Amino acid sequence: MFHHFILDANLSIHSIRLGDILTHRSNLQKQIVAHVDHKYLLLVDDEGRISRIRKAKAVTRYCRRSCDMHTPINVRKALLRAVDALSNDNRLLTLLGLRVGSEMYLDQIECNAV
């Protein structure tokens, strides 16, 4: 029998740091915090997809697990995943250079990875 559980919320808006690995509280997917802005975060998943989320929403959806390594080195890993995902993106708008949001996000992440 499958028991669905939700992890405890253990984040605050001010406790989220660059390089944290956040775990979704219900589906357990992990994302790396690649950029921290005043109100927003840029998260990169295992497949290199970049998502922008408000800090307040991240606090309710994600948690920080103690078994994960939370270090700024993770930002470099996230950058490499995102670059690979973008270079392998063969969708028409990407090939025509019309999908600029991901490139803007990559620029912000790259500033943190150096």
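The values are calculated or read from the model by the stated rules, or taken from the named source; none is laboratory data. Model, not experiment: these values are computed from the prediction. Neighbour counts are summed over all protein chains in view; Cβ atoms, including those assigned to glycine, are modelled from backbone coordinates with ideal geometry. Ligands, DNA and RNA are stripped out before the accessible areas are found, and what is left, the full protein with its side chains, is counted by its heavy atoms. Shrake-Rupley method; radii C 1.70, N 1.55, O 1.52, S 1.80 Å.
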Quiz item: Quick one: what pairs do we get from the range 88-104, first residue farther than 17 Å from ILE50 by Cα, second open to solvent by 80 Å² or more (accessible area, probe 1.4 Å) and modelled with pLDDT under 75, C-beta under 9 Å, 6+ apart or different chains?
Solution: LEU92/LEU98
Practice problem: Working only within the range 97-106, note down all residues that are in a helix (DSSP H, G or I) and either open to solvent by 90 Å² or more (accessible area, probe 1.4 Å) or farther than 14 Å from VAL36 by Cα (or both). | Solution: GLY101, SER102, GLU103, MET104
Exercise. Tell me, please, whether a residue that is modelled with pLDDT under 90 and surrounded by 14 or more Cβ atoms within 10 Å (Cβ to Cβ) can be found in the range 43-51.
Key: no
Quiz item: Considering the range 12-33 alone, what residues qualify as being open to solvent by 20 Å² or more (accessible area, probe 1.4 Å), touching a residue at least 40 places away in the same chain (Cβ under 8 Å) and either farther than 22 Å from ILE109 by Cα or in a loop (DSSP other than H, G, I, E, B) (or both)?
Solution: SER12, ARG17, LEU18
Exercise. State all residues of the range 52-65 that are open to solvent by less than 70 Å² (accessible area, probe 1.4 Å), within 14 Å of ILE21 (Cα to Cα) and in contact with a strand residue (DSSP E or B) (Cβ under 8 Å, 6 or more places away or on another chain); if no residue qualifies, say none.
Key: ALA58, TYR62, CYS63, ARG64
Self-check item: Flag for ASP68 being surrounded by fewer than 18 Cβ atoms within 10 Å (Cβ to Cβ) and charged (D, E, K, R)
Solution: yes
